[in-house]
Each structure stands twice: as structure tokens, then as C-alpha cells.
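Visitor: I'd like to ask some things about the structure below.
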């Protein structure tokens, strides 16, 4: 026998309207009630029929994701987090890239698939800022300066970079060098801003940053210019891996001769040699906030701006174990 919303409501001790809001991904349900309803759904094996919901609401329960590349660890982790957060609210996910086609084409492709709204991720956000988004396509942008046209969810990159830099300075280093990300990346600019602010705050020399493109190979190339440094903050963990190789090739021991801190805390960061100190991004929290903000926009809510905090993870690359 098919489980109904009424059955779920009885099991969860809420109204059928509350069950409907949870099933439709509405953000207007407090977390404890949502968890109770979702548990009742799971216990009873309840599933919302997507086609029926589309007929009733005029929405497809599908959201889009616009991304420039999935080659970077950060982007692939965000894809996973957004996909899981959408699935938990019974939304499907359609992914388009803008590497070969423009942002307008990406929006057009999503609209042709009938998505209810879309997320624009990281490097693609610069492209989104340069065009007027379609009036009938609700957007949430990940990592962007303030923009009244859409909701923005971002990591507090600057605070994370400041914490990493202050950590290195606390170890007695006169200054901290920076291996930065791409010049047009918002996240890279924010991390550079946090690094620079920490040095200025303590009156330390601010060295000219060297720059990579987020890949390990670019980190290896760029770090060759930093082999005389005693402390380096690297804008992501992939470039930090290349930097560790460059320092090893130059006969520089980490952390004895040069202390290194990365950014992201990717899954393998603790397996580097030595294990990498890094700034942890909470990709799961980002994914949830992105999806909740997009569902709210789809339901007529006003644009929001949210920032997700980071945390410093200290391992052997900056402090000998």
C-alpha cells in the first residue's frame, strides 16, 4: 500500500501541510521538525512522485549547476555536497559547464531542461556577474562580491587565510610568503586579502605573491621562486602538494627549513609527506546553505548573503610532530 503524506504526518506528529513543506524542500521548516519528518518518511518508505509534484506546483524539482571545470578538488567537492543536499530535499540536479560555451548558453540549456533555479559555482561566477541573468531563472552564486540580483553563499576565505598566516607568524617567522591562486578568482583574491591583512596587522613585510592556477603542477612551478622562504601560505592544497615537491627537490625540509599551510583540507591532505596543515572548508555546510537559499528564492524569497566559517587544521607541515 502506498504511503501518504497523512501517514507521514501521523508518524511525525505534525500537520500534513508541514509534511508537504518538507517534501517540497521549503526552508520554512525548523531543522528539528524537518529532521523528524524526514525520519518518518524514511521509516515509512515515503517518496514524493516528482511528476505529480510538477503538475501540482508547476515546478520540476530540478535545479541546475553551472561550473567552469570539475577538475579542481574544490569544485568536485562542491558538486558532491550540492548533489547530496538537493537529493535530501528530493531535487534532481542538472550540470552544465561553460568551458567551451558562454554563460548565456549555459543558462539557455538549463532553461530548456525546465530547471526551477540554478547554482553558479566559483570560477563561473565572474561570467555570471558580466551578464544579466534570465528573469525567470532563480540564481544562487557561490563566491562572489555583493550583487543584489541573486543570493550569494561563500566561504569566509579571508578569515581562513588570516588564521593560517597568523599561525605561521606565531611560530617565529618574520614574514609569510604566499603562493596565490588565479588573478581573476574571487576565492583567490579573498585568500590573498586575508594573508595580506594579517601581515599588515603585525607590521611584517608583505612579499610579492607568486601565482598558480590551482593545479599541483602550477604549485610546483611557482614554488621554485620560494625556496628561500621560511614560511609559505598556499592558496589551496593541490598547489601545496606541488610546492612540497619543489621544496624537496631544492633540499629544503618541511617544516624544519620551511613551514607550509594550504587551504581546503581535501581528503588526502593528512596523507601528504609531511601531513599538510591547512584551512578547512566545510563543503557539506556550503552545499546545504546553497540549496536552501535556492529553494527559498524559487519560492519567492528575497536574495540573501551568507558566509560559512573555516577552521585551521594544524599538522606536521607547519609544526614538527
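The values are calculated or read from the model by the stated rules, or taken from the named source; none is laboratory data. It should be emphasised that the depicted structure is a prediction, and the values quoted were computed from it without experimental measurement. Virtual Cβ from ideal backbone geometry, glycine too; neighbours counted across all protein chains shown.
Visitor: Look through 304, 290 and report the one residue that is in contact with a strand residue (DSSP E or B) (Cβ under 9 Å, 6 or more places away or on another chain), in the same structural domain as residue 84 (by TED's automatic domain parsing), surrounded by 23 or more Cβ atoms within 10 Å (Cβ to Cβ) and within 26 Å of residue 152 (Cβ to Cβ).
Guide: From the options 304, 290, the qualifying one is 290.
Visitor: Which of the residues spanning the range 66-78 are surrounded by fewer than 22 Cβ atoms within 10 Å (Cβ to Cβ) and under 17 Å from residue 237 (Cβ atoms)?
Guide: Hits for the range 66-78 are 69, 70, 71, 72, 73, 75, 76, 77.
Visitor: State which residue pairs qualify: first residue modelled with pLDDT under 95 and inside the range 245-269, second residue surrounded by 16 or more Cβ atoms within 10 Å (Cβ to Cβ) and in a helix (DSSP H, G or I) in any location, beta carbons under 7 Å apart, and separation of 6 or more residues or different chains.
Guide: Close Cβ pairs satisfying both conditions: 266/73; 266/237.
Visitor: Among the candidates 170, 112, 151, which residue alone is surrounded by fewer than 23 Cβ atoms within 10 Å (Cβ to Cβ) and either assigned by TED's automatic domain parsing to the domain that holds residue 289 or within 18 Å of the chain's Cα centre (by Cα) (or both)?
Guide: 112
Visitor: Next question, about the same structure. With respect to residue 200, determine if the residue is free of Cβ contacts under 8 Å to residues at least 12 places away in the same chain and either assigned to a loop (DSSP other than H, G, I, E, B) or loosely packed, with under 15 Cβ neighbours inside 10 Å (or both).
Guide: When the stated conditions are applied, residue 200 passes them.
Visitor: Sticking with this structure for a sec: Go through (1) surrounded by fewer than 21 Cβ atoms within 10 Å (Cβ to Cβ); (2) without any contact (Cβ under 8 Å) to a residue 40 or more places away in the chain and name the single condition residue 230 misses.
Guide: The single condition residue 230 does not satisfy is (2).
Visitor: So, one more: Could you please let me know if residue 224 is more than 30 Å from residue 302 (Cβ to Cβ), touching a residue at least 24 places away in the same chain (Cβ under 8 Å) and either touching a helix residue (DSSP H, G or I) at 6+ places or on another chain (Cβ under 8 Å) or outside any helix (DSSP H, G or I) (or both)?
Guide: yes
Visitor: I've got another one for you. Among 189, 163, which is the only one that is free of Cβ contacts under 8 Å to residues at least 12 places away in the same chain, in a helix (DSSP H, G or I) and in contact with a strand residue (DSSP E or B) (Cβ under 9 Å, 6 or more places away or on another chain)?
Guide: Answer to the check: 189.
Visitor: Assuming residue 107 fulfils every condition listed in (1) in contact with a strand residue (DSSP E or B) (Cβ under 9 Å, 6 or more places away or on another chain); (2) within 26 Å of residue 194 (Cα to Cα) apart from one, which condition is it?
Guide: It fails just one condition, (2).
Visitor: Looking only at the range 231-257, count every residue that is within 24 Å of residue 159 (Cβ to Cβ), touching a helix residue (DSSP H, G or I) at 6+ places or on another chain (Cβ under 9 Å) and part of a loop (DSSP other than H, G, I, E, B) and tell me the total.
Guide: Residues that pass the stated criteria total 2.
Visitor: Please enumerate the residues belonging to the range 24-44 that are in a helix (DSSP H, G or I), over 14 Å from residue 288 (Cα atoms) and in contact with a helix residue (DSSP H, G or I) (Cβ under 7 Å, 6 or more places away or on another chain).
Guide: 33, 36, 37, 38, 40, 41, 43, 44, listed by residue number.
Visitor: Here's a follow-up. Which one of these does residue 217 not meet: (1) surrounded by fewer than 17 Cβ atoms within 10 Å (Cβ to Cβ); (2) in contact (Cβ under 8 Å) with a residue 24 or more places away in the chain; (3) not in a helix (DSSP H, G or I)?
Guide: (3)
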